[in-house]
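Engineer: Here you go, one structure.
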Amino acid sequence: MMCNVGKTERMIRFILGLVFLWVGYTYNPWWYALAAILILTSLAGFCPISKTLGLNTCGKVDDGAGDDDSKDDGPSIESWKKPGEK
C-alpha cells in the first residue's frame, strides 16, 4: 500500500485520536468517529483525503530494491590519481 503519511504526522494523528477517544467518552460519542479515522490512518500510513489533495508527508518511499543511484558514495578511486597518471 502507498504511504502518504509521515512518521511525525502519524504520531500526531494517533495522539489526537486518543484524545478524541477520551472526549467521546466524556462528552459526546460522535467524537469516536473522528478518533477512529485518525487512529486508522495513523496505523495504515495512508490517508485518502491527503491523496485527493496531493499531500505527501511520507517522503521518499524505499522499495527495498537496493538500486538507489541518487546516493553519493564519495569520490571514486579514479579521482584520487594524480594528473597524467594512468
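Engineer: Would you mind finding the one in ILE39, ILE49 that is part of a helix (DSSP H, G or I), among the hydrophobic types (A, V, I, L, M, F, W, C), surrounded by 17 or more Cβ atoms within 10 Å (Cβ to Cβ) and free of Cβ contacts under 8 Å to residues at least 40 places away in the same chain?
Structural biologist: Values: ILE49 fails: surrounded by 17 or more Cβ atoms within 10 Å (Cβ to Cβ).
So the residue among ILE39, ILE49 that is part of a helix (DSSP H, G or I), among the hydrophobic types (A, V, I, L, M, F, W, C), surrounded by 17 or more Cβ atoms within 10 Å (Cβ to Cβ) and free of Cβ contacts under 8 Å to residues at least 40 places away in the same chain is ILE39.
Engineer: Need the failing condition index for LEU34 against (1) assigned to a loop (DSSP other than H, G, I, E, B); (2) at pLDDT 60 or above; (3) over 12 Å from the mean Cα position of the chain (by Cα), just the number.
Structural biologist: (1)
Engineer: Can you tell me which residues in region 5-30 are at pLDDT 95 or above and hydrophobic (A, V, I, L, M, F, W, C)?
Structural biologist: Once the filter is applied, which keeps residues that are at pLDDT 95 or above and hydrophobic (A, V, I, L, M, F, W, C), region 5-30 yields MET11, ILE12, PHE14, ILE15, LEU16, LEU18, VAL19, PHE20, LEU21, TRP22, VAL23.
The values are calculated or read from the model by the stated rules, or taken from the named source; none is laboratory data. Worth saying up front: this structure is predicted, and the values here are computed from it rather than measured. When we count neighbours, we look across all protein chains shown, and the Cβ atoms used for this are built from the backbone with ideal geometry, even at glycine.
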